[in-house]
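Structure first, commentary second.
The values are calculated or read from the model by the stated rules, or taken from the named source; none is laboratory data. Everything numeric in this text was worked out from a predicted model, so none of it was measured. In this analysis, Cβ positions are derived from the backbone assuming ideal geometry, glycine residues included, and neighbour counts consider all displayed protein chains. SASA here: full protein model, heavy atoms, side chains in, ligands and nucleic acids out. Shrake-Rupley method; radii C 1.70, N 1.55, O 1.52, S 1.80 Å.
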Amino acid sequence: MDLMNQHCKLGGRIRPRTGQFNAPISRVTAGLAALLAVGLSSCGGGRTSAAAGSPEAATVGVTSVAKKTLSRQITLSSELVPFEEIDVYAKEAGYVRKLYVDYGTHVKSGQVMATLEIPELQDQLQEDQAQITNASDEISRAQHELKRYQAQYKALHLEYSRLNSVFETQPGIVAQQEVDDAQGKDLAAQSQMESAEAALRATDSNLSATRARFVHDQTLYDYSKITAPFSGVVTERYANLGTLVQAGTASSTQAMPIVKLSQDNLFRLVIPVPESYVRYIRVGDPVNVRVPSLNKTFAGKVARFSVDVKETTRTMHTEVDVPNLQHVLMPGIYAEVDLTLEQRNNVLSMPLQAVNREGDQTTVLVVNRQDQIEDRPVTLGLQTANDAEVVAGLAEGERVVVSDRSGLKPGEKVHPQVVGVMQYQEGDQN
C-alpha cells in the first residue's frame with residue numbers, strides 16, 4: 001500500500017530499485033502491473049467523483065421588460081435668423097441731419113431712427129401753403145359774387161313775374177314791350193347767377209386740389225423721418241451724419257440703406273429636412289432647440305414648411321419659430337433641433353442590447369421562473385437608439401439577458417442579476 005500511495009503522490013511514476021526483488025523478472029513485472037492498475041483505479045475514481053458533482057451556475061445580467069414611451073428623433077443643425085430683417089432705405093433723397101441709432105440699439109415700432117434734410121420739399125410745402133391761401137381767398141370772392149348775382153336775379157325775376165301777371169289778368173294796362181324787357185333782364189340775371197355758381201365750384205375744386213398737393217408733399221416730407229417698421233435691434237449702420245442718401249425707389253441709382261434692422265424677440269430656425277423624413281413633419285409640433293454656444297435649450301415649434309422637395313438637395317425647407325423673450329439669442333449662431341418622427345406611448349419595451357438577429361429571425365434569451373435560459377422569438381415595433389418596442393413574444397416583467405450571450409444555451413441553469421443597461425455597458429468597457 002505504501003508503494004501504491006507513493007505512486008499516487010508522484011503522479012503514477014514509480015521506478016523499482018535494483019536488487020529489491022528475488023523473484024524472476026517476469027513475475028515481478030506482472031505483480032507491479034496488477035498493483036499499479038489497482039492504484040490508478042483508486043486515484044482516478046476520486047477525480048471522477050468530484051467532476052460528477054453539479055457545476056456552478058453562470059451569472060448573467062438581465063433586465064425586465066417594462067412599459068415606457070418610445071420616440072424616434074432626428075437631429076438637424078442650422079443657424080438662427082431673425083423672424084424679420086430688412087435694410088431701411090429713405091423714401092426721398094436727402095442729407096442725413098440726425099442719426100439716433102447705432103450698432104446694437106434696440107428700437108420700438110414707430111421710433112424715429114434718423115431724420116433727413118430735404119430743402120426742395122420744404123420749399124414745395126411753403127408754395128403749397130401759399131396756393132391754399134390764394135384758393136381760399138378766391139372762394140370767398142366767388143361766394144360774394146354769387147350772393148350779388150342771386151340778389152339781382154331775385155329782384156328782376158320778381159319784377160318780371162308781377163308785370164306778366166298784370167299783363168295776363170288786365171290786358172291793356174301794361175304794354176307787351178315792358179313785359180318782354182323784364183323777361184330779358186330776368187333771364188340775364190339768372191345766367192349771371194349760374195355762372196357765379198360754376199365759378200364758385202371751380203374755385204372750390206382748385207382749393208381741394210391744392211390741399212391734396214399739400215398733403216402729398218407733406219407725406220413725402222414726413223419720410224424725412226426714418227422710423228422703425230417693427231421692434232428690433234440695429235445690426236448694421238451704413239450712413240453717417242451729412243451723408244447724401246438716394247431714394248430707395250429710384251431704380252436707376254445705387255441707393256444705400258441707412259441701417260439694417262433685425263427683429264430680436266422671435267427667430268426662425270431654417271432646417272433642411274431630408275426627403276425620407278418629410279412625411280413626419282407636422283405644423284405645430286413642439287421641439288427643443290439647443291444652442292451649444294450658449295449652453296441653453298429653448299422651446300420652439302414647427303411653424304411652416306415649403307411643401308416641396310428641392311431637386312438639388314432632396315430636402316424640404318422647414319422653419320421652427322423660436323421665441324427670444326430674454327433677448328439672449330443672436331442672429332447667425334448655430335442651433336440644433338430634435339424633430340420627433342414617431343412616438344409610442346406606454347408600450348412594452350426592452351433594450352436593443354438584448355436582441356439577437358440571425359437572418360430574418362429576431363430572438364432574445366429569456367430567463368424563466370426556474371432560472372433557465374429560453375431562446376424566444378419576438379416581433380419588434382418602433383426602435384430607438386437604445387430600446388425596441390415589443391409587439392409579440394414577451395410579457396411585461398419577463399427577464400431578458402443583456403450580458404454576453406455567446407456561451408449560453410437554452411435550458412442552461414443560470415444565476416440572473418438585474419442590472420441597468422448603462423451599468424452593464426460601463427462594466428464591459430472596464
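Could you tell me the center-to-center distance, by alpha carbons, between the range 314-328 and the range 61-122 in angstrom? Taking the Cα centre of the range 61-122 as reference, the centre of the range 314-328 is 12 Å away.
Globularity index of the range 294-404 is 1.63 (Cα radius of gyration / 2.2 N^0.38 Å, N = number of residues). Among the listed pairs 260/301; 67/409; 108/296; 108/225; 68/413; 154/185, a Cα-Cα separation exceeding 18 Å is found for 260/301; 67/409; 108/296; 68/413. Mind jotting down the distance between the C-alpha centroids of the range 152-225 and the range 375-402, whole Å? Rounded to whole Å, the Cα centres lie 102 Å apart. Residues 144, 157, sorted by accessible area with the largest first, give 144, 157 [1.4 Å probe; ligands and nucleic acids excluded].
Note on residue 241 and residue 166: the extension gain reaches 18.4 nm, defined as 0.36 nm multiplied by sequence separation minus the Cα-Cα distance. With a Förster radius of 25 Å applied to the C-beta separation of residue 343 and residue 392, the computed FRET efficiency comes to 0.75. In terms of accessible area, using a 1.4 Å probe and ignoring ligands and nucleic acids, 113, 256 rank largest first as 256, 113. Counting only Cβ charges, +1 for Lys and Arg and -1 for Asp and Glu, the dipole size of the range 166-307 around its Cα centre is about 2180 debye. The calculated FRET efficiency for residue 256 paired with residue 102, based on their beta-carbon distance and R0 = 25 Å, is about 0.90. Here the range 158-247 is assigned +1 on the Cβ of each Lys and Arg and -1 on the Cβ of each Asp and Glu. Its dipole about the Cα centre then comes out at about 840 debye. Ordering 287, 183, 220 by the projection of their Cα atoms onto the charge dipole of the range 162-288, which places +1 on the Cβ of Lys and Arg and -1 on the Cβ of Asp and Glu, puts 287 at the extreme positive end. Normalised by residue number, the volume inside the convex hull of the Cα atoms of the range 109-189 is 132 Å³ per residue. Modelled spin-label separation between residue 333 and residue 304, with each label point placed 7 Å from Cα along the Cα-to-Cβ direction: 2.5 nm. Please say if the range 306-356 is rounded, prolate or oblate, where rounded means a/c under 1.5 for a ≥ b ≥ c the square roots of the C-alpha gyration tensor eigenvalues, and otherwise the choice is prolate for a/b larger than b/c and oblate otherwise? Note, shape of the range 306-356 comes out oblate.
Each peptide in 76-89, 281-294 gets a packing score, the mean of other Cβ atoms within 10 Å over its residues, and the list from highest to lowest is 76-89, 281-294.
Across the range 139-204, the relative contact order, built from alpha-carbon pairs under 8 Å that are at least six residues apart, equals 53 percent. The stretch between residue 59 and residue 276, if pulled fully straight at 0.36 nm per residue, gains 73.8 nm over its current Cα-Cα span. Grab the other residues whose beta carbon is less than 15 angstrom from that of residue 385, score K and R as +1, D and E as -1, and report the net. Taking every other residue near residue 385 into account, the sum is -1. Note on the range 195-278: with charges restricted to the Cβ of Lys and Arg (+1) and Asp and Glu (-1), its dipole about the Cα centre is near 140 debye. The 3J(HN,Hα) values that the Karplus relation (6.51, -1.76, 1.60; θ = phi - 60°) gives for the range 334-344 are, in residue order, 8, 9, 10, 9, 9, 9, 7, 8, 9, 8, 10 Hz. Gly and Pro appear as x. Charge tally around residue 136: other residues with Cβ under 12 Å, Lys/Arg +1 each, Asp/Glu -1 each, net -1. Multiplying the residue separation of residue 311 and residue 122 by 0.36 nm and removing their Cα-Cα distance gives an extension gain of 62.6 nm.
Please label the shape of the range 214-254 as rounded, prolate or oblate, based on the square roots a ≥ b ≥ c of the eigenvalues of the alpha-carbon gyration tensor (a/c under 1.5 means rounded; beyond that, a/b larger than b/c means prolate, else oblate). Oblate, since a/c reaches 1.5 and b/c is not below a/b.
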